[in-house]
Amino acid sequence: MKNDLRFEAVYPYSPERVWRALTDPVELGQWLMPNDFEARLGHKFQFKTRPVPGFDGIVNCEVTELDVPRRLEYKWRADTSTRW
């Protein structure tokens, strides 16, 4: 079963400012998790956080769509035994 999530929001900032908040690894890490994100189609990256029972703290991700500065999509999987 495939579950797609789509989130949309309107912010009182320019698309460029919102884009920077979503794609700069430092800014992204400040509100989400430390990461090695790059705004590059096909880039595989990780979010990392403190492990807890049943979760090793690593979320594997891949950039799947990129239209600077308007569209960003990536997939993620917390199951680190599965590699893409």
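Quick one: give the max-minus-min coordinate of the C-alpha atoms of the chain along each principal axis, largest first, in Å.
Principal extents (largest minus smallest coordinate, Cα): 40, 29, 21 Å.
Can you give the charge dipole size of the chain about its Cα centre, rounded to the nearest 20 debye, using +1 on the beta carbon of Lys and Arg and -1 on the beta carbon of Asp and Glu?
120 debye
Straight-line reach from residue 2: which lysines have a Cα under 23 Å away, not including same-chain ones fewer than 8 places off?
In chain and number order, the partners are 44, 75.
Over segment 33-84, calculate the relative contact order: mean separation of alpha carbon pairs under 8 Å at least 6 apart, over the residue count, as a percent.
27 percent
Coordinate-derived values only; no laboratory data. A quick note: this is a predicted structure, and the numbers were derived from the prediction, not measured. Here Cβ is always computed from backbone atoms with ideal geometry, including for glycine, and neighbour counts include all displayed protein chains.
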